[in-house]
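A short write-up of the structure that comes next.
The values are calculated or read from the model by the stated rules, or taken from the named source; none is laboratory data. What you see is a predicted model; the values in this text were computed from it and never measured. All Cβ positions, glycine included, derive from the backbone under ideal geometry; neighbour counts span all protein chains shown. Please note that ligands, DNA and RNA were not included when accessible areas were found on the heavy atoms of the full protein model with its side chains. Shrake-Rupley method; radii C 1.70, N 1.55, O 1.52, S 1.80 Å.
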Amino acid sequence: MARWSVVLPDEQWATERLFQHDVVTVAGGPAEAAVGDEVLVVAEQQVVALARVEKTDGGLALWYLRRAFDEPVPAALSEGPIDEATFRRFAERLGGPSDRKPWLVSVAMPIEAVNPAEAVRQFWSHVLELGPAELPTYVWPSGDELAMQAFVLGAEANQDPEEEDDED
């Protein structure tokens, strides 16, 4: 089994950070990669995941084995084959699977409507229109509402206008 590094294009990396996919398909990739080979997934000069090649038809279909999207490992790897020692070094730094815990996620916005059904329709229209680039999503560990954080595009975002005024 060979070892590879595969670089995700910036736009595809942004999508992967935002949505939970089991498989990512990368156009191109090392032509010699075969089903079953292990891959370090690289984005923005960082190792962001460990994956296995599932399919090689018209690109590489990579099945995620471990993700480190929120704590990537800095790396100056280009796309192509890598030696076993380098692969193992980065795979170990990615760590093992993390313990899962319950989180509450919320999107809230004030909507004026004549009835609840219209309010719901307007809500979904706003969600589709604004999308993850503009609509803040709030997340906190279950039972710890004071730890609530706002995220936009999968990254923490300050939503306190008073703090923004202090920075100016």
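See the values below:
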{"quantity": "Convex hull volume per residue for the stretch 3-94, taking Cα atoms only, in Å³", "calculated": "82"}
{"quantity": "Heavy-atom accessible surface of the chain: percent carbon and sulfur, 1.4 Å", "calculated": "51"}
{"quantity": "Exposure of Glu84 as accessible area (Å², to 10), given a probe of 1.4 Å and all protein chains", "calculated": "80"}
{"quantity": "Centre separation in Å (Cα based) which lies between the stretch 99-161 and the stretch 1-44", "calculated": "30"}
{"quantity": "Accessible area per residue, Å², the chain with all protein chains present, probe 1.4 Å", "calculated": "65"}
{"quantity": "Directionally averaged shadow of the chain, computed from the convex hull of its alpha-carbon atoms, nm²", "calculated": "13.6"}
{"quantity": "Only Lys, Arg (+1) and Asp, Glu (-1) charged, at Cβ; the chain dipole about Cα centre in debye", "calculated": "1220"}
{"quantity": "For the stretch 103-156, Kirkwood radius (reciprocal of mean inverse C-alpha pair distance, Å)", "calculated": "12.3"}
